[in-house]
Every structure is written in structure tokens, then in C-alpha cells.
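J.: Right, I'll just put the structure down here and ask away after.
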Amino acid sequence: MLGEFEYVLITAAAGLGESAYGAAIREEIEKVAGRNCSIGALYTTIERLEKKGLLKTWMGEATAQRGGRAKRMVRVTPKGVHAAKEFYEAMMRVSRNASWATSKPGRAS
């Protein structure tokens with residue numbers, strides 16, 4: 001099963017689609033998840049997920065905005081989509097009786 005940060009990273013990359021690369025994924029995680037993300041943790045996790053076959057990376061074209069540097073592009077593989085769905089479904093199952101689960105109105109917090 002994926003770890004929580006792995007799930008967040010895959011989900012952010014999937015949401016960015018063709019625009020997914022390191023800095024954009026980092027910004028998305030910080031904006032949407034509300035948590036700091038070091039560039040080291042990001043790329044370590046990307047490498048780990050690529051070794052597992054859950055992500056594919058390649059070097060994109062160099063851009064003037066980046067001072068002529070290329071972007072490391074990221075794509076979620078079908079295996080990565082499957083792993084993310086399994087993680088999400090497991091979290092939904094384990095949370096179903098939790099007091100904070102939104103599907104349980106009237107439960108104590």
C-alpha cells in the first residue's frame with residue numbers, strides 16, 4: 001500500500017496532467033494539502049515511485065522561464081492510478097465509522 005505522502009504526490013501529479021513536473025507538483029501539494037514539501041523529499045519520493053512503476057519521468061524541453069533548464073516531467077502510470085485508487089478506497093473504508101466522517105451526520109466529534 002502507498003504511504004500518505006506517496007498518495008498525495010501521485011494525486012497532485014495526476015491532477016496536473018501534462019503540466020506535472022517537480023516544482024508544479026510541489027506547489028500543488030503545498031497549496032491543496034496545506035503542508036510544506038521540501039524539494040529533497042519530493043524528488044526522493046518521485047524516484048521511489050518510479051522504481052515501483054507507479055510514475056514515469058523524463059526530461060522535457062528547456063524553457064526560457066527556467067533559464068534554459070529542462071523540466072523533469074512526471075506522469076502517473078496505470079499501475080500508479082490503481083495504487084492510488086486502492087489507497088483512497090482503503091482510507092474511505094477505515095474512516096466510515098469515524099466521528100469526523102462526513103457521511104455520518106449527527107455523530108459526536
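The values are calculated or read from the model by the stated rules, or taken from the named source; none is laboratory data. As the structure is a computational prediction, the values presented were derived from the model and not from experiment. Cβ sites come from the backbone with ideal geometry, for glycine too, and all protein chains shown count toward neighbours. All accessible areas refer to the heavy atoms of the entire protein, side chains included, with ligands and DNA or RNA removed. Shrake-Rupley method; radii C 1.70, N 1.55, O 1.52, S 1.80 Å.
J.: Exactly one of these conditions fails for residue 61: (1) farther than 19 Å from residue 8 by Cβ; (2) open to solvent by 90 Å² or more (accessible area, probe 1.4 Å); (3) not in a strand (DSSP E or B). Give me its number.
T.: All conditions are met except number (3).
J.: Can I ask one more? Being among the small types (Gly, Ala, Ser), in a helix (DSSP H, G or I) and open to solvent by less than 90 Å² (accessible area, probe 1.4 Å) is the requirement here; does residue 101 meet it?
T.: no
J.: Cβ-Cβ distance below 9 Å, separation of 6 or more or different chains: which pairs start in the range 1-25 with a residue that is on the phi > 0 side of the Ramachandran plot and end on one that is modelled with pLDDT of 95 or more and among the polar types (S, T, N, Q)?
T.: none
J.: Moving to a separate point now. Considering only residues of the range 65-90 that are over 17 Å from residue 19 (Cβ atoms) and modelled with pLDDT under 95, which is least open to solvent (accessible area, probe 1.4 Å)?
T.: Of everything passing the filter in the range 65-90, 68 is least open to solvent (accessible area, probe 1.4 Å).
J.: So, one more: If residue 15 satisfies every condition in (1) touching an Asp or Glu at 6+ places or on another chain (Cβ under 7 Å); (2) not in a helix (DSSP H, G or I) but one, which is the exception?
T.: (2)
J.: Looking only at the range 67-95, which residues are under 23 Å from the mean Cα position of the chain (by Cα) and either over 15 Å from residue 13 (Cβ atoms) or part of a loop (DSSP other than H, G, I, E, B) (or both)? Reasoning before the result, please.
T.: Start the filter on the range 67-95 by keeping residues that are under 23 Å from the mean Cα position of the chain (by Cα), which leaves 70-95.
Residues satisfying the conditions are 70, 77, 86, 89, 90, 91, 92, 93, 94, 95.
J.: So residue 36 clears everything in (1) within 29 Å of residue 101 (Cα to Cα); (2) of a type in the set (S, T, N, Q); (3) touching a Lys or Arg at 6+ places or on another chain (Cβ under 9 Å) except one condition, right? Which one?
T.: Result: residue 36 fails condition (3) only.
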